Structure formats: C-alpha cells, structure tokens
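Novice: Please read through the structure below; I'll follow up with questions.
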Amino acid sequence: MSAGKEKMTAELTSVGADAKQSPINTSVIIADCGDFGNSENENIDFDPRTLDPRYIETVTMQALLDTAFLPKLPIIEGLLYPGTYLMAGSPKIGKSFLVTQIGYAVATGTPLWNMPVRKGSVLYLALEDDKARLQTRLSRMYGIEAADNFHFATRSKCVENGLVQQLEGFIRSHSDTRLIIIDTLQKVRGADGEKYSYANDYQIIAALKALTDKLPVAIIIVHHTRKQDADDKFDMISGTTGLLGAADGAFLLHKEKRTSGDAELDVVGRDQQDSRFNLKFQNENCSWELVGSETELWRDPPDPLLDSIASLVNEDSPLWEGSATELALRIGCELMPQHLSRKLNVNISRLLKDYCVLYAPFRTHDGRKIRLMYMGGKDAL
C-alpha cells in the first residue's frame, strides 16, 4: 500500500459483518473499503508535475462523478450541518443561552424545535465565563439533569497558537464529537485580534473550517453584530465580510426591541436553504421557544432507485455485495452500470440519511464492487 493510500484510510472505522449493529462514528465508513473517496482514474502515487511551479492540480467532471465521498449527515436536520458557522447578535441578546440550548440538544439527542437531532459529544469553549457562572446558567436551564458528554472549558489557546490542535485532540479522545462551540470569536483571535482586515478575518475562520472540512463535525463561533443597520442583516456582523465569506454558514439572532422577548433567527448556509425562525425567550428556564418558521423545510422528491435500494437492504437483509452490473439486474434498474454507480455516488448522503443504507464502493482483484449495508435505523446514525 502506498503512503498516500495509507494516510487516506487511517481514520476510517472498521465495520463488522453484522451491519445491523454498527453505529456511524465520527470517522464513519469502512477501513477495508480502501477506494472510498478515490475515482477510478485517480493516481495516489507521487506526481512529479507538482514540482513544476506552473502546474495546477485539476479534476475532471467525469472523475468527480466517479468518486464516492464520505457522507456528512445533518446534526440538526434543517438547522445545523457539519461545517463552520458564525452565531452573531447584539451583546447580551441571548446568544450564549441559544448555543447552550443547541449544545444540550446534541449532547442528549433531544429534538430541537421538533427538528431531529443526531446525538454526540459536545465541547463548549465558554471563554467569557467562569465555572461558577456556567453552573448557574446550566442549572437555570436544565435543573440537575446532567449530560456526561457535554464538555466545557473556560480557557483555550488562540487560533494562531494551537487551538486547532487542541480541538483535534478533543476529537481524538471523543470519537463521537458532533459539535464544538467557541464563545466568543474575540477570545481566540490572538495577538492580531484588533487587525480587522478581510485577509485576517478570512484566515481565522478558514483555519477552523479546515477541521470541519475533514470531519463530520460542526463548529459554532459566537460573535457580535455592529450597531449600524444594513439592508442585508448579515452585513451587520462585526468585522469584515471575510468572516462570513470563509464560513460555511451563519446564524443571526436579532430583536426589534432589546426589551422584547421576541426574536428572529436568520440562517444561511452552503448546505441548507436560507430560513428564518421566530423565537420567544422563556425567562423561567432561559431557553428559546420556537413560535413559528417563515420557511418550509425543503424535502427531496421520492427517488424510485433509492426506494429499490432500501427494499434490497434493510433490517431483514442488512448486507449486499456485488458489482454494479449485478446490482442493476437485482433491482431491475435500466441504467448502465457506470451510470448507476455515479447515481449512488451523488446520493450517498441521502441514501444514508433517509434510508439508513451505507453505500461503500471498494476494489477487488476481480474489479470494482459495491457494498450496501443497513445501519440499524436512524437512531444508530
């Protein structure tokens, strides 16, 4: 095995033959499916052309369609997906209560505003609090109900001096990590924190985004808005547009009147539709209640091919392996084998999210094969 391939498969988690009992972990998928993420024509050996300063690495449309990328499932369906997000709002508007509420929902797997949540460990960097204040906030919100996978820290390094390495270390120790909350951005800016340039803002977010690009984890970074109003409310985020430009998405919590308990949460993101949630703050437990939503969640239309896959691989028959040609014959699909593989590549996340079926291509001495595994229902994902 070449060094490049060994690196690619090192973080993948082995799944036994009894797929019905196998939960999805942070590293996802299968170590013995070594071709996962590789197109058929991709050369993983050293390419001497990279030494030429005029060389630019490219990928063809064909190679993209022939590649199966590791699926990334939503963390809170309709609200939060793997990636790096800003949570912006005026000071003392309730942002910390909101991100605590989101963190608790993920740590416990409790639906948030009737939206399904995938349970996992959560790290909250409460860098403007001390432990006594954290205790008070948590007890006001949840009484004495504790979640042992909701972790807190009141100190951390800054982005330029080791924060990413600290986060990587936490994820290695807690392989089911789903969410990291950084409260606030200013606390991890470091020595250049007052240099509000586009390049500096972009670099700070990009350093954290590099982590969520590799792993199915979300990072929410709490930040402030400026006082000036704007036609596009997201232009009110303090700093330059480099912050939002580098991020995968943003939440903007705002009120018409500071004294009002009513607020709007606007959401934009690369992996979800723009949406707005109408919220009301509940003083008795310091949490945000959903009053209504101005955007209906988009649902993908039914897909007969994926329905056929789900009929083939399910709780009663949790594992199928074979070639794309054999699969096409088995489900009565009229697509050419190569086109069938591409359709599965494109729908790999949806197949797992909606049907709980993991699609993993792999290679044997007889050629390329397909492995389909039922993952034990949505509670196991």
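Novice: How many residues are at pLDDT 95 or above and either aromatic (Phe, Trp, Tyr) or not assigned by TED's automatic domain parsing to the domain that holds Gly103 (or both) when one looks only at region 167-200?
Specialist: Selection size over region 167-200: 1.
Novice: Scanning for something of a type in the set (Phe, Trp, Tyr) and either closer than 29 Å to Leu73 by Cα or without any contact (Cβ under 8 Å) to a residue 12 or more places away in the chain (or both), does region 165-186 turn up at least one residue?
Specialist: Initially, region 165-186 is screened for residues of a type in the set (Phe, Trp, Tyr), giving 170.
Now narrow it down to the ones that are either closer than 29 Å to Leu73 by Cα or without any contact (Cβ under 8 Å) to a residue 12 or more places away in the chain (or both): 170.
So far as region 165-186 goes, yes, one or more of its residues are of a type in the set (Phe, Trp, Tyr) and either closer than 29 Å to Leu73 by Cα or without any contact (Cβ under 8 Å) to a residue 12 or more places away in the chain (or both).
Novice: How many residues are touching a residue at least 60 places away in the same chain (Cβ under 8 Å), in a loop (DSSP other than H, G, I, E, B) and not basic (Lys, Arg) if we restrict to region 264-319?
Specialist: Residues in region 264-319 being touching a residue at least 60 places away in the same chain (Cβ under 8 Å), in a loop (DSSP other than H, G, I, E, B) and not basic (Lys, Arg): 9 in total.
Novice: Give Asp262, Asp248 a once-over and let me know the one that is among the acidic types (Asp, Glu) and farther than 17 Å from Thr84 by Cα.
Specialist: On the way: Asp248 fails: farther than 17 Å from Thr84 by Cα.
After applying the criteria, what remains is Asp262.
Novice: Quick one: is Ile75 modelled with pLDDT under 50 and crowded, with 20+ Cβ neighbours inside 10 Å? Write out each step before concluding.
Specialist: Numbers: modelled with pLDDT under 50: no; crowded, with 20+ Cβ neighbours inside 10 Å: yes.
Criteria not met by Ile75.
Novice: May I pose another question? Taking region 46-68 on its own, how many of its residues are within 12 Å of Val346 (Cα to Cα) and either β-branched (Val, Ile, Thr) or surrounded by fewer than 13 Cβ atoms within 10 Å (Cβ to Cβ) (or both)?
Specialist: So the count comes out to 1.
Novice: Failed condition for Ala230, given (1) modelled with pLDDT of 90 or more; (2) outside any helix (DSSP H, G or I); (3) of a type in the set (A, V, I, L, M), with all others met?
Specialist: With respect to (1) modelled with pLDDT of 90 or more; (2) outside any helix (DSSP H, G or I); (3) of a type in the set (A, V, I, L, M), Ala230 is out only on (1).
Novice: Right, next: For region 294-311, state whether one or more residues are at pLDDT 90 or above, surrounded by fewer than 18 Cβ atoms within 10 Å (Cβ to Cβ), out of contact with any helix residue (DSSP H, G or I) (no Cβ under 6 Å at 6 or more places or on another chain) and more than 24 Å from Lys72 (Cβ to Cβ).
Specialist: Yes, the conditions are met somewhere in region 294-311.
The values are calculated or read from the model by the stated rules, or taken from the named source; none is laboratory data. These numbers come from a predicted model, not from an experiment. All Cβ positions, glycine included, derive from the backbone under ideal geometry; neighbour counts span all protein chains shown.
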